[in-house]
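The block underneath contains the structure these notes are about, expressed in structure tokens.
The values are calculated or read from the model by the stated rules, or taken from the named source; none is laboratory data. Since we're looking at a predicted model, the values are computed, not measured. With ideal geometry, Cβ positions are generated from the backbone for all residues, glycine too; neighbour counts draw on all protein chains shown. In case anyone asks, the SASA skips ligands and DNA or RNA and just uses the protein heavy atoms, side chains included. Shrake-Rupley method; radii C 1.70, N 1.55, O 1.52, S 1.80 Å.
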Amino acid sequence: MQDKSLGVLKEFWGYDSFRPLQKEIIDSVLKKQDTLALLPTGGGKSVCFQVPALQMEGVCIVVSPLIALMQDQVSSLKKKKIPVEVLHSGMSKREVDIALDNCLYGNIKFLYLSPERLQSPWAREKIAHMNVRIIAVDEAHCISEWGYDFRPSYLNITELRDMHPHATVIALTASATDRVADDIQDKLNFTTKHVLKASFARENIAFMTLKEGDKMSRLIRVLEWAKGTCIVYVGSRREAQEVALFILQHGISAGYYHAGVSQKEKDQFFEQWMRSEIRVMVATNAFGMGIDKASVRAVVHLYIPDSLETYYQQAGRAGRDGNKAYSVTLYNDKDVELLKDNFEKQFPAIDLVKKVYHFLGSYYQIAYESGALMSFDFDIRDFSKKYRIDPLEAYHSLKVLEREALLQISDAVFVPSRVRIEIDYNELYSFQVAHKLYDPLIKLLLRAEGGVFDHYSVVHEKMLAKQLGVEPREIQKRLHELHRLEVLDYIPASSMPTVVFLQDRIHTDLLHLDGASEKRRKEQKEAQLRAVFDYLNEKQCRVKALLNYFGERLTQDCGNCDLCRIRKQEQNSANS
């Protein structure tokens, strides 16, 4: 008799078997046991809550901080005809209302949301009345102050537990020290501590860390012997484009990816890279989360990440197919100094943070004691120029305000245009008869997947324009006019970063910031930075050092990293 979980996997994902530890995690959730799943990058974390949820009645709430990753998973589920809704900062209040109602009264299986959405009283009220069976917390390290990406908004998740005490919690992360793992379980009020942890060892990846005077020449040599597609991580947007151009000049196909690239360019480079039409993607850390390409042969770091968690997660995007792959870090003394300098800038003075908060309220003309849950497109360059603040200092000040749960800053994520019909079918038919100009467009909209009467449906103006034989701007004009006539609600596409005020604007004199918390966070980041420098200066085995950091003891050297290879060569020379 076939295992039911395996049947679900086969039906919806087409796989005949689970990856290591997936089945144990799924069985744990089905037994209604709170579970912390530690799976390395590419370990298939989403399946661990999606498969059990599809075997239960009710809704699985998935909490994630990453809009792009939520969009990818929601799109994938919709293609499988699995009913799903999503709530994130790029949505209007009306879209959120409809999505919540669909979860309450429809057959929705998954509700994806950002933790900040739990701060809304009306959202909490509706969620409290849902039939929630599973609470899945993705990127669970964000709830721990000892983690490398602590987000205070994640503490709101405990309210989900209060609303649904009988729901099973599954927390998932790719990297967590023992201390962070304990803290995650405490913060999420696990009934009994229970961790299922896959080995962090990636035996097929050769880890190499090389101090280089001429990093670029060495990079070309690395790309020449590491056959196949590669990722090169850099520290800034400017470097992404410059390094990609340098690689192209040496006869190797390359694209670039960072938060400032237009959506059209991102899509073009990404699709070419996924199809292996270009070999190398040069990117900032905006690239990689949720990317499922198994045949990456090398991940190269041309900068030094500020934590081993970040480094190991990015390195783990190499060799997911199990074949030989490389993680290569190229650095010099200038990179070390830059990392130290950036560390200091991460902790701006409290007075500067207050000033930035005041300027932000003025920038959007928000009155005091108003503005809660208002969302705005945000151009940090324009903001910094207007108020004469260094953009990096402004950014880190905003991150402090985010940790204080006063606002939320999202990276630039493309959110496509959406429409929803606002009148009933009979009224719409009468409108079409009376307004022949709009009839062909409305007919196309009615064919949209999901039904434009019940849901907001994604529309692509260029595609509609092509079908109707008109210019895209004409489609936008007609949609805006239909919106004005209250026939439909039209929300144009956006690819700007957003800022969401999570609370009403507070007068600066009354703004209290937790200096003690920032001091503890600085000490924690300092410890993480020391671990990075210790890794760079490692003399024995790279893999042993990495696994020790994550609480996994390796009894023998890996034999595969640069240090092990050097030692082996020295031993062979001594014996010859």
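Just one of the listed residues (72, 101, 3) is open to solvent by 40 Å² or more (accessible area, probe 1.4 Å), within 30 Å of residue 500 (Cβ to Cβ) and either touching a strand residue (DSSP E or B) at 6+ places or on another chain (Cβ under 8 Å) or at pLDDT below 90 (or both), and it is 72. Determine which single condition residue 176 fails, assuming it passes every other condition in (1) open to solvent by 40 Å² or more (accessible area, probe 1.4 Å); (2) within 26 Å of residue 27 (Cβ to Cβ); (3) among the small types (Gly, Ala, Ser). Among (1) open to solvent by 40 Å² or more (accessible area, probe 1.4 Å); (2) within 26 Å of residue 27 (Cβ to Cβ); (3) among the small types (Gly, Ala, Ser), the lone unmet condition for residue 176 is (1). Once the range 405-418 is narrowed to residues that are part of a loop (DSSP other than H, G, I, E, B) and modelled with pLDDT under 85, the residue that is most open to solvent (accessible area, probe 1.4 Å) is 411. Within the range 256-291, the set of residues being at pLDDT 90 or above, assigned to a helix (DSSP H, G or I) and among the polar types (S, T, N, Q) comprises just one member, 272.
The residues listed here are 162, 149, 186; of these, the one that is open to solvent by 10 Å² or more (accessible area, probe 1.4 Å), closer than 30 Å to residue 122 by Cβ and touching a Cys at 6+ places or on another chain (Cβ under 7 Å) is 149.
Consider residue 491 against the criteria (1) modelled with pLDDT under 90; (2) under 30 Å from residue 301 (Cα atoms): it satisfies all of them except one. Which criterion is unmet? For residue 491, the exception is condition (2).
Against the numbered list (1) closer than 30 Å to residue 409 by Cα; (2) out of contact with any helix residue (DSSP H, G or I) (no Cβ under 7 Å at 6 or more places or on another chain); (3) open to solvent by less than 50 Å² (accessible area, probe 1.4 Å), residue 515 comes up short only at (2).
Among the residues of the range 201-236, count how many are within 22 Å of residue 251 (Cα to Cα) and among the hydrophobic types (A, V, I, L, M, F, W, C). Selection size over the range 201-236: 11. Each residue in the range 341-359 was checked for being open to solvent by less than 30 Å² (accessible area, probe 1.4 Å) and either within 17 Å of residue 510 (Cα to Cα) or free of Cβ contacts under 8 Å to residues at least 60 places away in the same chain (or both), and 4 of them qualify. One residue stands out in the range 521-573 among those that are farther than 19 Å from residue 302 by Cα, in contact (Cβ under 8 Å) with a residue 40 or more places away in the chain and among the acidic types (Asp, Glu): the one that is least open to solvent (accessible area, probe 1.4 Å), namely 552.
Residues in the range 38-52 that are surrounded by fewer than 24 Cβ atoms within 10 Å (Cβ to Cβ) and modelled with pLDDT of 90 or more: 46, 47. Taking the range 380-394 as the range and being over 28 Å from residue 95 (Cβ atoms), part of a helix (DSSP H, G or I) and free of Cβ contacts under 8 Å to residues at least 40 places away in the same chain as the test, the residues that pass are 381, 384, 385, 386, 387, 391, 394.
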